[in-house]
Amino acid sequence: MAPASPSALGRVLIIAGSDSGGGAGVQADIKAVTAMGGYAATAITAITVQNTLGVHGVHPLPLDLIEAQARAVLDDIGADAIKTGMLGSVAVVERVAAILDTSEAPAVVDPVMVAKGGAALLDADAVEAVRSLMVPRAAILTPNAPEAEALTGMPVADLDGQRRGGEALLQMGARAVLMKGGHVDGPTVVDLLLTPSGETLLEGPRIETTSTHGTGCTLASAVAAGLAQGRPVESAVAEAWAYVSEAIRRAPGLGRGHGPLDHGWPLRDRR
Ligand SMILES: Nc1ncnc2c1ncn2[C@@H]1O[C@H](COP(=O)(O)OP(=O)(O)OP(=O)(O)O)[C@@H](O)[C@H]1O
Ligand SMILES: [Mg+2]
């Protein structure tokens with residue numbers, strides 16, 4: 001078979017934290033991009049000591065090292081999309097915003113603030129930096145409900161709140177917003193995609209499971225892979241959403257806490 005051309009492959013530069021447990025962070029990002037047929041490269045912002053039970057340590061990397069990784073990737077391999085995850089501090093947000101300005105690639109900005117087990121992954125004073133520097137640079141922003149509340153100051157407790165919060169984030173400069181519904185109560189989980197041309201609802205039954213570690217990272221990276229492959233945002237989101245839903249459904253039940261997804265299911269299905 002002929003090799004894929006770079007744009008058909010979809011090169012994704014992931015700027016995010018490492019999760020030693022492999023369920024979230026850079027590890028989930030690489031798996032998701034690979035499962036979608038893309039090429040993943042990384043600039044790691046922090047190393048976390050983590051498993052399904054929680055975050056046991058966070059070690060931010062030096063700013064220059066974060067930037068050097070990104071530059072090494074962009075200057076040689078290139079990127080068709082950039083995905084940002086855990087940034088941690090004001091200084092990292094500022095540096096990553098500057099990196100985004102050196103690339104034409106669309107940015108999927110996942111405004112990570114708190115890990116599933118409750119550990120803070122973004123300094124409190126960095127929320128304002130994410131609001132002013134990352135939101136306007138997002139080709140698509142993917143907040144969960146508490147993140148959308150922190151960014152907008154508006155309650156996000158139901159679909160109406162998701163819609164109002166999403167509209168506010170569009171006003172703040174994001175070109176599209178995916179308001180994730182995992183933290184919104186109800187028997188149905190509703191993700192709401194808002195773009196200037198309208199809204200799309202993605203909904204399915206809430207899956208009864210403790211295996212939801214890294215759902216957000218996985219979804220954002222799968223979206224980034226689709227954008228990198230040249231898909232319009234609506235179809236990149238729909239495909240990523242279907243991938244994540246099935247990955248939750250097939251979660252292998254690893255660990256004693258919030259378990260990881262089955263990132264590799266599309267690969268096993270093909271054998
Ligand atoms: N119990 C569930 N059943 C079905 N889908 C779910 C469930 N929990 C989360 N999802 C889906 O997973 C994706 C991530 O949503 P969520 O709101 O949990 O993001 P998140 O809080 O950023 O996740 P993470 O804690 O991994 O960062 C969304 O597409 C959401 O609909
Ligand atoms: Mg998240």
For segment 173-214, with +1 on Lys and Arg beta carbons and -1 on Asp and Glu, the positive-most of Val184, Thr209, Gly173 along the dipole: Gly173
Amide H partners (placed H, <5 Å) of Leu254, local residues excluded: none
Can you compute 3J(HN,Hα) from phi for each residue in segment 118-134, using the Karplus curve 6.51 cos²θ - 1.76 cosθ + 1.60 with θ = phi - 60°, rounded to whole Hz and x for Gly and Pro? x, 6, 6, 10, 9, 4, 4, 6, 8, 4, 4, 5, 4, 4, 8, 10, 8
Where a Cα-Cα gap under 19 Å defines reach, which lysines qualify for Lys83, not counting those fewer than 8 residues away within the same chain? Lys31, Lys180
What residue among Leu201, Leu87, Leu133 has the largest mean-square fluctuation in a Gaussian network model of the chain, using Cα springs under 10 Å? Leu201
Quick one: net charge of Glu239's neighbours, Cβ under 12 Å, K/R +1, D/E -1? -1
Going through segment 36-139, which GluC sites (Glu not before Pro) have at most 16 other Cβ atoms within 10 Å and a DSSP loop state? Glu104
Report the residue, chosen from Asp76, Asp19, Asp64, that carries the largest GNM mean-square fluctuation when the chain is represented by alpha-carbon nodes joined by springs under 10 Å. Asp76
Kindly sort Leu100, Leu267 by accessible area of their heavy atoms, largest first, with the probe set to 1.4 Å. Leu267, Leu100
GNM top mover of Pro205, Pro111, Pro136 - the chain, alpha-carbon springs below 10 Å: Pro205
Ignoring ligands, DNA and RNA, what accessible area per residue does segment 1-147 give at 1.4 Å, in Å²? 39 Å²
Carbon and sulfur atoms: what percent of the 1.4 Å accessible area of segment 119-271 do they account for? 53 percent
Quick check on the chain: helices-only [θ] at 222 nm, where DSSP H runs of length 4 and up contribute -39,500 (n - 2.57) each and the sum goes over total residues. Nearest 500, please. -11000 deg cm²/dmol
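The values are calculated or read from the model by the stated rules, or taken from the named source; none is laboratory data. Keep in mind the model is a prediction, meaning the values are calculated, not measured. Every residue, glycine among them, receives a Cβ derived from its backbone with ideal geometry; neighbour counts consider all protein chains shown. Heavy atoms of the whole protein, side chains included, go into the accessibility calculation; ligands, DNA and RNA do not. Shrake-Rupley method; radii C 1.70, N 1.55, O 1.52, S 1.80 Å.
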